[in-house]
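Undergrad: One structure, as structure tokens, below. Some questions next.
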Amino acid sequence: MSLVKNVGTIGGLTAFSRIFGFARDILLARVLGAGLAADAFQLAFILPNTFRRLFAEGAFSVAFVPMYTRSLAGEGGEEAAEKFANDVLAVFIWVLLGFSAIAMLAMPAIVWVLASEFREIPGKFALSVTLARITFPYLTLISLVAMLSGVLNARSRFAPGAFVPVLLNLVLITGIGTGWFLRRNGGSDVTVAYAVAIAVTLSGIAQLAYMVWATRKAGVRLKCHVPRFTPEVKRLAMLILPATFGAGVYQVSQFVDTFFATSLEQGSLTLLKYADRLNQMPLGIVGIALGTAILPMLSRHIQTNDNAQAQRLQSNAVEIGLLLTLPAAAALAVCAPAFVTAFFVGGKMTSADGAVMANIVIALVAGLPSYVLVKVFQPAFFSREDTRTPVWVAAATLIVNIAINFYVVPRYGIVGLAAATAFTSTLNVAALYVLLHHRSWYTLTPRLMGKVLRQLIATAAMAGVLIILMPLMQSRYGGSIIEKVWSLGVLVGAGLITFFVIAYAVGALDKDLLGQLRRRKPASANGQASDSEQ
């Protein structure tokens, strides 16, 4: 199965979801701005989502997918894989329910730890606690979605898991619209926050229903029985414990960032999250696609001791990741004021808020390539069932991140916080690569380094063109819709044309990889359709 095809399938559907997510945040920014209710909702939304990424999509997935893949490819085949998945589901669902119940009871303490400064503003702390309790059931629902997605990913059916976030964004957009309507009829910003918080949990129900349907359509029928701690379940638990931290360093840092952001002036947390939406566009599309596609494929190569194919797979992933993220990072850094003004400023989002947000974007995207490469390097450890090494790397970089934050946040505020995140993410990637190279698990080849150098040349040329164009249309970014569309269109078009023309001229584009994107794969021997047909 082609990595490029899988990344294309996942990335294309993830891009579709990110567009809806982008629209969701634009609407929310204009409806709520960056005030009390907006900060309270952002904190309430951060909690279940960070735990989801940390446990369900992070630690659980990186441990579950390789074990399920081996069961599926082993002597027991479908029967053994189904038994393993059912045993995991029976335990997993009770762990989720228990954790969620405890967290909801302890929510005042959790909010106090993360945002004690909210108590200084009347009503903000209590609202945050209530909204967080409303949104937290989403963790259980979306964690079950992540498990079902892992089952399908192991069978090279990536489309349902990549599509399911669209449902979240559609339901949240509906919630924003409902809250706006209620506010016009006597409500307040708090009314909007309640409506969107309720929509978060409703979206989890919609996503789970869709994934149950998708797994049944794929011929997989999981059943929940009395929990049994089988040897396989115990082994999974032992892998999950260290992977919880190792796979989730970015998510753990989100709690650290939240703690520091809530200590700053009101609206800082909201502006950081909106800025991260721009950062997450390429990160979500490329990083999630690569990380999701590479883990089961790498696990198969490692299981058969095919080290040459494992090396080739990771080199392709690095090349694809940098080819897409280097120009994205440069374009976002140069054009951040234009994008923020055109999309977010308006309604309750002021120009002053937009200026701060643009600076946050510039700081965040400095680490964009590193955020994606983490998704490429970590599976090299997880596929070998080494979840301990990333723990130590993550612990070290997190300590560095916290130390830097104590220095930069009082001096440079929310922008310094974003820059510290980018720096320590790069440090994390560098440490992971040094360890992979030392163990002879992966080494950057001269050919790949030459490709990356050519990508940097094309990126620099594109950035130069954008720097020239940006001031020429300064007054258009905040104008009418037509002015916004054509001015941003000129920037995007000029950037894309410059990058790809120069990239082609200097040889940064690999014709073989591009050819894989155009070829259609035949149906596999077992009758499953290829990714292009799902």
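Undergrad: So, in the range 160-177, of the ones that are within 24 Å of E82 (Cα to Cα) and of a type in the set (A, V, I, L, M), which residue ends up modelled with the highest pLDDT?
TA: My answer is V164.
Undergrad: Out of all the residues in the range 171-215, which are of a type in the set (G, A, S) and outside any helix (DSSP H, G or I)? If you could, list the steps in order and put the result at the bottom.
TA: Taking the range 171-215 as the starting set, the residues that turn out to be of a type in the set (G, A, S) are 175, 177, 179, 186-188, 193, 195, 197, 199, 203-204, 206, 209, 214.
Scanning the range 171-215 gives G186, G187, S188.
Undergrad: Under 7 Å by Cβ, and 6 or more places apart or on different chains, what pairs join a residue from the range 309-331 that is in contact (Cβ under 8 Å) with a residue 40 or more places away in the chain with one that is among the basic types (K, R)?
TA: E319/K451
Undergrad: Is it the case that some residue within the range 335-356 is in contact (Cβ under 8 Å) with a residue 60 or more places away in the chain and over 24 Å from I481 (Cα atoms)?
TA: There is no residue in the range 335-356 that is in contact (Cβ under 8 Å) with a residue 60 or more places away in the chain and over 24 Å from I481 (Cα atoms).
Undergrad: Go through the range 437-447 and count every residue that is crowded, with 19+ Cβ neighbours inside 10 Å and either of a type in the set (S, T, Y) or part of a helix (DSSP H, G or I) (or both).
TA: Residues that pass the stated criteria total 1.
Undergrad: Here are some residues: F377, F406, F381. Which one is over 30 Å from V65 (Cβ atoms) and either of a type in the set (F, W, Y) or touching a His at 6+ places or on another chain (Cβ under 6 Å) (or both)?
TA: F406
Undergrad: Name, by its number, the condition in (1) modelled with pLDDT of 70 or more; (2) part of a helix (DSSP H, G or I); (3) among the polar types (S, T, N, Q) that does not hold for Q251.
TA: Looking at each condition in turn, Q251 falls short on (1).
Undergrad: Follow-up. Step by step: first the residues of the range 127-159, then only those that are modelled with pLDDT under 80 and assigned to a helix (DSSP H, G or I), then the one that is surrounded by the fewest Cβ atoms within 10 Å (Cβ to Cβ). Which residue is that?
TA: The qualifying residue surrounded by the fewest Cβ atoms within 10 Å (Cβ to Cβ) is A159.
Undergrad: Okay, next question. Might you let me know whether the range 208-221 holds any residue that is touching a helix residue (DSSP H, G or I) at 6+ places or on another chain (Cβ under 9 Å) and closer than 30 Å to L272 by Cα?
TA: yes
Undergrad: Criterion first (surrounded by fewer than 24 Cβ atoms within 10 Å (Cβ to Cβ) and within 25 Å of T426 (Cα to Cα)) does L368 satisfy it?
TA: no
Undergrad: Does L264 satisfy the criteria of being under 26 Å from the mean Cα position of the chain (by Cα) and not in a loop (DSSP other than H, G, I, E, B)? Before the answer, list the steps.
TA: Details: under 26 Å from the mean Cα position of the chain (by Cα): yes; not in a loop (DSSP other than H, G, I, E, B): no.
So L264 does not fit the description; no.
Undergrad: Only one residue in V434, V429, V465 is touching a residue at least 24 places away in the same chain (Cβ under 8 Å), in a helix (DSSP H, G or I) and under 30 Å from D386 (Cα atoms). Which one?
TA: V429
Undergrad: Can you name every residue in the range 384-426 that is assigned to a loop (DSSP other than H, G, I, E, B) and within 20 Å of L54 (Cβ to Cβ)?
TA: E385, D386, T387, R388
Undergrad: Considering every residue within the range 504-514, establish whether at least one is at pLDDT 90 or above and in contact with a helix residue (DSSP H, G or I) (Cβ under 6 Å, 6 or more places away or on another chain).
TA: Yes: one or more hits.
Undergrad: Give A193, A209 a once-over and let me know the one that is closer than 26 Å to A81 by Cα and among the aliphatic types (A, V, I, L, M).
TA: So the residue among A193, A209 that is closer than 26 Å to A81 by Cα and among the aliphatic types (A, V, I, L, M) is A209.
Undergrad: Among the residues that make up the range 86-95, is at least one of them free of Cβ contacts under 8 Å to residues at least 40 places away in the same chain, over 24 Å from V171 (Cβ atoms) and out of contact with any strand residue (DSSP E or B) (no Cβ under 6 Å at 6 or more places or on another chain)?
TA: Let us first name the residues in the range 86-95 that are free of Cβ contacts under 8 Å to residues at least 40 places away in the same chain, namely 95.
Now narrow it down to the ones that are over 24 Å from V171 (Cβ atoms): 95.
Then keep just the ones that are out of contact with any strand residue (DSSP E or B) (no Cβ under 6 Å at 6 or more places or on another chain); that gives 95.
There is at least one residue in the range 86-95 that is free of Cβ contacts under 8 Å to residues at least 40 places away in the same chain, over 24 Å from V171 (Cβ atoms) and out of contact with any strand residue (DSSP E or B) (no Cβ under 6 Å at 6 or more places or on another chain).
Undergrad: Taking the range 165-182 as the search range and keeping residues that are in contact (Cβ under 8 Å) with a residue 60 or more places away in the chain and β-branched (V, I, T), which one is farthest from I142 (Cα to Cα)?
TA: For the range 165-182, the residue satisfying everything is I176.
Undergrad: Turning to a different aspect of this structure: Under 6 Å between Cβ atoms, at least 6 apart or on separate chains: pull out the pairs that start in the range 203-227 with a residue that is more than 21 Å from E79 (Cα to Cα) and end on any residue that is of a type outside the set (A, V, I, L, M, F, W, C) and surrounded by fewer than 13 Cβ atoms within 10 Å (Cβ to Cβ).
TA: Partner pairs satisfying both residue conditions: none exist.
The values are calculated or read from the model by the stated rules, or taken from the named source; none is laboratory data. It should be emphasised that the depicted structure is a prediction, and the values quoted were computed from it without experimental measurement. Quick reminder, even Gly has a Cβ in these numbers, built from the backbone with ideal geometry, and neighbours come from all protein chains shown.
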